[in-house]
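Colleague: One structure, pasted below without further comment.
The values are calculated or read from the model by the stated rules, or taken from the named source; none is laboratory data. The structure presented is a predicted model; accordingly, all values stated were derived computationally and were not measured. When we count neighbours, we look across all protein chains shown, and the Cβ atoms used for this are built from the backbone with ideal geometry, even at glycine.
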Amino acid sequence: MRKRVPGFYLPHFLTEIDEYNHVLNQTAIPLSLKNASEIICQPIETKGTYFMINTKLILIDGVPCSGKSTIAKKLMVDISSCGIKCNCFLEWTEDNPIFIGKMEDLAEIISTTRSREQNVLQQWKDFIDSAKEQETVNIIESRFWQSSSMYLYLSGHSEYEVSESSNRVISVLAELNPVLIYLAPKDIEKLQARITMAKNEKWMESGRKGSWEQWGNDVYERQKWFTNRLLNSKAIPLFFNEWASIADRLYERLPFRKIKIRDPQVDWEHTLSSIRKFLDINLSGISDLPMTEDGKG
């Protein structure tokens, strides 16, 4: 008998689920993507048992500190528990296939987003070429919007330029039947205040000088969205609220299967259950899968 992998098996909670009603307006989307939701709904089967929708790429995105890493790690446990090979690439891990640099260089990473775009697109293409030949589900945190579209807007580019850049990435990703899990806190300022306290404590415990908040404020104040408006770090909530509106519009036009979760941190148990429902993950009957010689289902 196959052992159940310890994980997070949680009750249901209804967040805001997009029912795959893709709104393809204004922004040009390649025709090949307009039937993406039809392609993606074929199930993944393991040893004849249906476990989840057919996708090789799960994108997890949202504003900083919205819970993306927590979701990614718990989701990897669920998928692996189904006997499906799963890779999880967190935002700043060096094995992330879309490697943009180290967090300590964030100010420069943001300011050079436009000049690095072709390099990032090539990384996506290389990753897609490799991943499409493997029977593996890949979870990638933050690389779809936060470290591309959001950074582009933060570095002084227009919403139109952001949208066009996002479309170029979308065109590359289609072969893996991607899905998007988008985390959208309702009160960004309240979330940041709570997260800042926790981050500052960890910063102090690590023995570093100053605070996480001071470091983050310096990163943002150096970007053109702030300098062009003669604003300082007090305007950070204003930026994120403005970006959230843009991200909502990008979300509505996205031709992939998608789910938007409001305030995921209010109840993690409910959030994870909603994501399982969205991905149609079937955790039932896992203990009945036969064991292979190496002990894996």
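Colleague: Taking helices (runs of 4 or more DSSP H) that do not extend beyond region 177-233, which have at least 2 residues that are modelled with pLDDT under 90, over 14 Å from residue 265 (Cα atoms) and in contact with a Phe, Trp or Tyr (Cβ under 8 Å, 6 or more places away or on another chain)? Steps first, answer last, please.
Modeller: Values: elements: 188-205, 212-221, 224-227.
Filter on region 177-233 gives 188-205.
Colleague: Out of 164, 159, which single residue is more than 26 Å from residue 221 (Cβ to Cβ) and of a type in the set (Asp, Glu)? Spell out how you get there, then give the answer.
Modeller: Working: 159 fails: more than 26 Å from residue 221 (Cβ to Cβ).
Matching residue, one of 164, 159: 164.
Colleague: Continuing with this model, one more query. Please work out which one of (1) out of contact with any strand residue (DSSP E or B) (no Cβ under 9 Å at 6 or more places or on another chain); (2) outside any helix (DSSP H, G or I); (3) modelled with pLDDT of 95 or more is the condition residue 260 fails and give its number.
Modeller: It fails just one condition, (1).
Colleague: Counting only residues that are touching an Asp or Glu at 6+ places or on another chain (Cβ under 7 Å) and hydroxyl-bearing (Ser, Thr, Tyr), which one in region 180-217 is surrounded by the fewest Cβ atoms within 10 Å (Cβ to Cβ)?
Modeller: The residue in question is 196.
Colleague: With the requirement that a residue be farther than 20 Å from residue 197 by Cα, surrounded by fewer than 17 Cβ atoms within 10 Å (Cβ to Cβ) and within 25 Å of the chain's Cα centre (by Cα), what does region 223-243 give you?
Modeller: Selection gives 224, 241, 242.
Colleague: If I filter region 266-297 down to residues being of a type in the set (S, T, N, Q) and crowded, with 16+ Cβ neighbours inside 10 Å, which single residue comes out as modelled with the lowest pLDDT?
Modeller: Pass one, region 266-297, residues of a type in the set (S, T, N, Q): 271, 273-274, 282, 284, 287, 292.
So of that shortlist, the ones also crowded, with 16+ Cβ neighbours inside 10 Å come out as 271, 273-274, 282.
Numbers: 271: 95, 273: 94, 274: 95, 282: 80.
Within region 266-297, the match that is modelled with the lowest pLDDT is 282.
Colleague: Let me ask something else about it. So, in region 162-207, exactly how many residues are without any contact (Cβ under 8 Å) to a residue 12 or more places away in the chain, aliphatic (A, V, I, L, M) and out of contact with any Ser or Thr (no Cβ under 8 Å at 6 or more places or on another chain)?
Modeller: Qualifying residue count for the region: 3.
Colleague: What are the residue pairs meeting all of these: first residue in region 262-283, first residue under 22 Å from residue 64 (Cβ atoms), second residue among the basic types (Lys, Arg), Cβ atoms under 7 Å, and 6 or more apart or on different chains?
Modeller: If the second residue must be among the basic types (Lys, Arg), the pairs left are 262/186; 263/186; 272/74.
Colleague: What do you reckon, is residue 164 surrounded by 14 or more Cβ atoms within 10 Å (Cβ to Cβ), charged (D, E, K, R) and in a helix (DSSP H, G or I)? Even if it seems obvious, please write down each step before you answer.
Modeller: Numbers: surrounded by 14 or more Cβ atoms within 10 Å (Cβ to Cβ): yes; charged (D, E, K, R): yes; in a helix (DSSP H, G or I): yes.
It is true that residue 164 is surrounded by 14 or more Cβ atoms within 10 Å (Cβ to Cβ), charged (D, E, K, R) and in a helix (DSSP H, G or I).
Colleague: Sticking with this structure for a sec: Regarding residue 148, is this residue free of Cβ contacts under 8 Å to residues at least 40 places away in the same chain, crowded, with 21+ Cβ neighbours inside 10 Å and under 22 Å from residue 102 (Cα atoms)? Please lay out each step first, then the result.
Modeller: On the way: free of Cβ contacts under 8 Å to residues at least 40 places away in the same chain: yes; crowded, with 21+ Cβ neighbours inside 10 Å: yes; under 22 Å from residue 102 (Cα atoms): yes.
Spelling it out, residue 148 is indeed free of Cβ contacts under 8 Å to residues at least 40 places away in the same chain, crowded, with 21+ Cβ neighbours inside 10 Å and under 22 Å from residue 102 (Cα atoms).
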